[in-house]
Amino acid sequence: MRASVLLAEGVAALRAAGLEGAASDARVLLAHALHIPRDRLTLAMQEDVSPEAQARFRAAIAARAQHQPVAQIIGRRAFYGRDFIVTPDVLDPRPDTETLIAAALEQPFARILDLGTGSGAIALTLLAERPAATGLAVDLSPAALDVAARNAEALGLSDRITLKRSDWFETVAGQFDLIVSNPPYISTPELSELAPDVRLFEPRMALVPAQDDGTGLAAYRIICAEAGRFLRLGGWLMVEIGYRQADAVQTLFHAAGFASVSLRQDLSGHPRVVMGQAGGL
């Protein structure tokens, strides 16, 4: 069977499952099944596909038809120009989070702390962009820390990052120029509103804060209350937020004594990052 015929079969299956982006998803999955870069897929369209590659592709299409995220199926996700290993144990890095990266890179920093690091995408991207910087990344999930360690090794950053199990600041020590976090911020009532790709396949602890009170703000309350003790004078706290939480999170920043509190929007124009400076500067 030619690759073009197999691709058409996959697109049809994903459309029948009601998935948006069926054509682009099928192309990614076919390139993965063929073990070729995505940009070479067009050149392979008229080639015959081995039975083994056909089986890999059909298995991937079947998984996607059940709403499993493409990144989990192929085991990686592109983020800020780099590939990151992704498993069901970590949140799938999303383009919206690049807003946090862009905001952080506007500031000088030599030492960073990433709270709830997951795949390590935020911390490792910042270290890759700032070759002289070092960092500490923490997570409550040992499985997530294992994924972050694999990503650090793949990116050649293992010597500049320390990975540690911690319930937020529980085992954190030292001072930092920058604290970043994409914490769980989906409230329990909102969970049912999420797309099946997220609701069914991404780790709940990365989506809904522990002891959620129905607002999704529990993690921000902890982070804002404690971050000041770990920031150097003039250092920054930056967090990703849900688009309905801008006012509430900014209020928490002000209440914790942060100055220069501001909001950044993502490329879709939604509120995405709240940031504030320590020390009243």
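In terms of modelled amide H atoms, which long-range or inter-chain residues lie less than 5 Å from the amide H of ILE179?
LEU113, TRP236, LEU237, MET238
Amide H neighbours of THR134 under 5 Å, counting only residues 5+ apart in sequence or on other chains, H built in-plane at 1.01 Å?
Result for THR134 returns ARG111, ILE112.
Of PRO95, PRO209, ALA128, which is farthest along the charge dipole of the chain in the positive direction, counting Lys and Arg as +1 and Asp and Glu as -1 at C-beta?
The one lying farthest along the dipole's positive direction is ALA128.
Could you check the spin-label model distance between GLU106 and ARG244? Points 7 Å from the Cα along Cα→Cβ, value in nm.
2.7
Residue-wise, which Karplus ³J(HN,Hα) couplings in Hz belong to segment 136-144, taking 6.51 cos²θ - 1.76 cosθ + 1.60, θ = phi - 60°, and x for glycine or proline?
With coefficients 6.51, -1.76 and 1.60, one gets 10, 10, 10, 7, 7, 8, x, 5, 5 Hz.
If you take every DSSP beta bridge whose two residues both sit in the chain, what share of them, in percent to the nearest 5, is antiparallel?
On the way: 15 of 34 bridges.
DSSP beta bridges in the chain are roughly 45 percent antiparallel.
Between Rg and the Kirkwood Rh of the chain, both from Cα atoms, what is the Rg to Rh ratio?
Using Cα coordinates only, the ratio equals 1.02.
Could you size up the charge dipole of the chain around its Cα centre, putting +1 on the beta carbon of Lys and Arg and -1 on that of Asp and Glu, and report it in debye to the nearest 20?
Dipole magnitude for the chain comes out near 320 debye.
Between THR188 and ARG2, what is the FRET efficiency for a Förster distance of 41 Å, r being their Cβ-Cβ separation, to the nearest 0.05? Provide the component values of the computation, followed by the final result.
Values: r = 49 Å, r/R0 = 1.18.
Efficiency at R0 = 41 Å is approximately 0.25.
Please rank ILE85, ILE61, fewest neighbouring Cβ atoms within 10 Å first, as an exposure proxy.
Sorted ascending by nearby Cβ count, the order is ILE85, ILE61.
At what distance in nm do the modelled label points of GLN46 and GLN175 sit from each other, each positioned 7 Å from its Cα along Cα→Cβ?
According to this spin-label approximation, the distance is 6.7 nm.
Which residue, ALA225, ALA123, ALA148, has the most motion in a Gaussian network model of the chain that connects Cα atoms within less than 10 Å?
Fluctuation is largest for ALA225.
Taking neighbour Cβ counts within 10 Å as the exposure measure, how do VAL147, VAL11 sort from fewest upward?
On the way: VAL147 23, VAL11 19.
Final ranking by Cβ density, sparse to dense: VAL11, VAL147.
Please turn the phi angles of segment 33-48 into ³J(HN,Hα) values with the Karplus equation 6.51 cos²θ - 1.76 cosθ + 1.60 (θ = phi - 60°), one per residue in order, whole Hz, x for glycine and proline.
Per-residue couplings from phi come out as 5, 8, 6, 10, x, 4, 6, 9, 5, 4, 5, 9, 4, 9, 8, 6 Hz.
Which whole-Hz ³J(HN,Hα) couplings does segment 218-225 yield from phi under the Karplus relation 6.51 cos²θ - 1.76 cosθ + 1.60, θ = phi - 60°, glycine and proline marked x?
In residue order, the calculated couplings are 4, 5, 5, 4, 5, 4, 5, 5 Hz.
If each DSSP helix of 4+ residues adds -39,500 (n - 2.57) and the sum is divided by the residues in the chain, what number results at 222 nm, nearest 500 deg cm²/dmol?
Helix contribution divided over all residues of the chain: -10500 deg cm²/dmol.
For the chain, set up a GNM with springs between Cα atoms under 10 Å and report which of ASP96, ASP114, ASP48 has the largest fluctuation.
Evaluated over the chain, the most mobile residue of the options is ASP48.
What is the spin-label model distance, in nm, from HIS254 to ALA210 if the labels are put 7 Å beyond Cα along the C-beta direction?
Using points 7 Å along Cα→Cβ, the separation is 3.1 nm.
Please report how far the C-alpha centroid of segment 117-178 lies from that of segment 1-50, rounded to the nearest whole angstrom.
35
Of the candidates GLY81, GLY234, GLY257, which one comes out as most mobile in a Gaussian network treatment of the chain with C-alpha springs shorter than 10 Å?
GLY81
Given Cα pairs under 8 Å that are at least 6 residues apart, what percent is the relative contact order of segment 92-147?
Relative contact order of segment 92-147: 37 percent.
Only loop residues by DSSP count here, and only those with at most 16 other Cβ atoms within 10 Å; note down the chymotrypsin sites (Phe, Trp or Tyr not before Pro) in segment 234-281 that meet that.
TYR243
Bear in mind that the values in this text are calculations on the coordinates, not laboratory data. Since the structure is predicted, the reported quantities are computational estimates derived from the model, not experimental observations. We place every Cβ from the backbone using ideal geometry, glycine too, and count neighbours over all the protein chains shown.
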